[in-house]
Ligand SMILES: [Fe+2]
C-alpha cells in the first residue's frame with residue numbers, strides 16, 4: 001500500500017510518502033524550491049519522495065489531499081455573506097484564487113501525477129493534523145487536540161485515538177470542534193501582525209519577545225474572548241478584521257486599546273517596553289486557552305495520553321505548561337505541527353484506513369528528508385573553490401568539529417537526511433559553543449542576521465539533560481524534537497549563557513544516542529572539551545530563507561555568512577574561496593606595433 005499525502009495551496013506545501021503504513025520520505029517544497037513557505041503543488045517534494053522509495057507515480061495506490069476543498073469554500077462563502085459588504089475585498093481576492101485553481105485540486109493532482117481520479121482522496125484538515133500526531137505516537141489510547149488558525153471550518157478539535165489487537169486495528173475520531181472565526185491561531189496571528197511581524201512566520205518572534213515584557217495587558221486580551229467552562233471560547237469580532245479585510249488582522253478598536261501598531265519589521269521591538277508587554281500578554285492568554293482546551297480533552301476522553309498537532313502546537317512555551325499542568329501522563333507532539341504536517345497525517349490516515357493490515361509506526365526520528373552522497377558534497381565544495389579535507393570516520397569528524405566549537409568557532413553541520421518539521425535537530429544545523437553569552441550575539445549578528453531578542457536553543461545528550469535542565473517527568477519526546485521549553489537549572493545558567501533566554505528558559509533538544517548517534521557523539525566530544533555536553537543549535541539558513549537541503553545550499557549559505565567552518569558529510573572546510581587569479585589588464589605592451597615595416 002503506497003500512499004502519497006499532499007498539502008498545498010495555503011502555505012507550507014509538502015509531500016509525504018507512506019509505504020505499508022511506514023513513512024519513508026517527507027519534505028516541504030520550500031527545501032527544494034528555495035522559496036520560503038512555498039505553497040504551490042509540491043512537484044519537487046513529490047519527485048523526491050518517489051525517487052527515495054524507487055517508485056513511479058503510477059505505482060501509487062492512493063494520493064490524499066490534507067483537507068476538503070469544497071468544505072473550505074463553503075466557509076469562505078458563508079463568511080463573505082455574513083460580513084457583506086465590508087468583506088468585499090476579501091471575497092473578490094479569495095474567489096479569484098478559488099476559481100483559478102483551488103477548486104480543481106483533484107484534477108491538478110491527477111494531471112501532475114498521471115493518476116486516476118479514483119485514487120485521489122481528501123482527508124479533513126484537523127483529522128490530518130490529529131492523525132499526524134496519533135499515528136506517529138507510541139500510544140494505544142490517546143486524546144487528540146489540534147489547534148491552528150483555521151482548516152475548512154474547524155479551528156480546534158478534540159478527538160480520541162485507539163489501537164487494538166494484533167492487527168493494530170485503529171479508530172481515530174474527532175468528537176468536537178471549535179469553528180471559524182473563533183480561533184486561537186487567528187487570535188495569536190492578530191497580535192503577530194500588530195507587533196509588526198508577518199503572519200504565519202513571525203509567531204516565533206512574538207514568543208521570543210514575550211519574556212522581555214510583563215503581561216500587564218492580559219486582562220485587555222481576555223476582554224476579546226468569551227470563555228466557557230468546557231475550554232471553548234468565542235472571539236469578540238469587534239477587535240478583529242481578518243474576517244472581512246485580507247490586509248488587516250485587527251480592528252481600529254484593537255489599536256485604541258493597545259496603542260498604535262508597529263510598522264512592519266520597523267525598529268527593534270525589544271527596545272519598546274509596550275510591545276514586549278503586549279507580546280507577554282498574548283503569550284500568557286494563549287497558554288491559558290491551550291490549557292483549557294487540553295484539560296477538556298482530558299476530561300472528555302479520560303485518556304492519560306495526549307496527542308497534539310496544528311500550528312499552535314509549535315508554541316514551545318505553551319507546550320511546557322501543558323506537560324506540567326494539563327493532567328496527562330504523556331504528551332506526544334507532531335514535529336511538523338503546521339500544515340506541512342497535514343500531508344503526513346493525511347497519508348498515514350489513508351494508509352491505515354485503506355490498508356488491509358496497517359503497520360505499527362512510532363516516529364522516533366525526523367530524518368525523513370533528502371540525503372546526499374559524499375560525492376555531491378565534494379562537488380559542491382570544489383565548485384565553490386573551497387579548500388577542504390576529508391576526515392576519516394565519525395570520530396575524527398566529531399573531534400575536529402568539537403575542537404573548532406570549543407575555540408569559539410561557528411560551524412555549519414550538514415549530515416544525513418534533512419529533518420521533517422521546522423526545527424533543525426542536528427542534520428542541517430549551525431552549531432556553536434553554548435557557554436558564553438557573547439556567542440549568542442556573534443551567531444545572531446554575523447551568521448543568522450536575525451533579531452537579537454530571539455533565543456538560540458541547546459542540543460544536549462539525553463542522558464545528561466536532567467542535570468542541566470528542569471525537565472517535566474515522563475515527557476521525553478517533546479524534548480527530543482525541540483517542541484517544549486524547560487528552565488535551565490539556576491546553578492548551570494552561567495555555563496549555558498548563550499542558550500538560556502532572558503527568563504531562564506531554554507528550548508532544549510535532548511539528543512537520543514539511538515536515533516542520532518553522530519550528533520550525540522559530537523555533543524559528547526564537545527562535552528569532553530568544555531565540560532558541557534551540549535551545543536548551541538540553530539537552523540542552517542540565513543534570515544528569511546528556507547533551511548538548506550543540499551550540499552550546494554549549505555556551501556552557498558556558508559559563503560554568504562560569517563561562519564568559520566562547514567562540515568558537510570565527511571568533508572570539513574575552514575576556508576573562503578582561494579583568491580581568484582588576478583585579472584589581466586586589456587592593454588598589453590606590444591613590440592609588434594613598433595617593429596617597423598618588416599615581414
Ligand atoms: Fe492547519
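Bear in mind these aren't lab numbers, they're just calculated from the coordinates by the rules spelled out. From a predicted model like this one, the values you see are computed outputs, not experimental measurements.
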Worksheet item: Against the longest principal axis of the chain, how steep is helix 340-354, in degrees 0 to 90 to the nearest 10, with axes from Cα atoms?
Response: 60
Worksheet item: Using alpha carbons only, how many degrees (0 to 90, rounded to 10) separate the axis of helix 374-383 from the longest principal axis of the chain?
Response: 60
Worksheet item: Helix 273-301 sits at what angle to the longest principal axis of the chain, using alpha carbons and giving 0 to 90 degrees rounded to 10?
Response: 60
Discussion item. Based on alpha-carbon centroids, what's the gap between segment 192-256 and segment 500-544 in Å, whole number please?
Written reply: 33
Discussion item. Give me the extension gain from residue 24 to residue 273: residue separation times 0.36 nm, minus the current Cα-Cα distance, reported in nm with one decimal.
Written reply: 84.9 nm
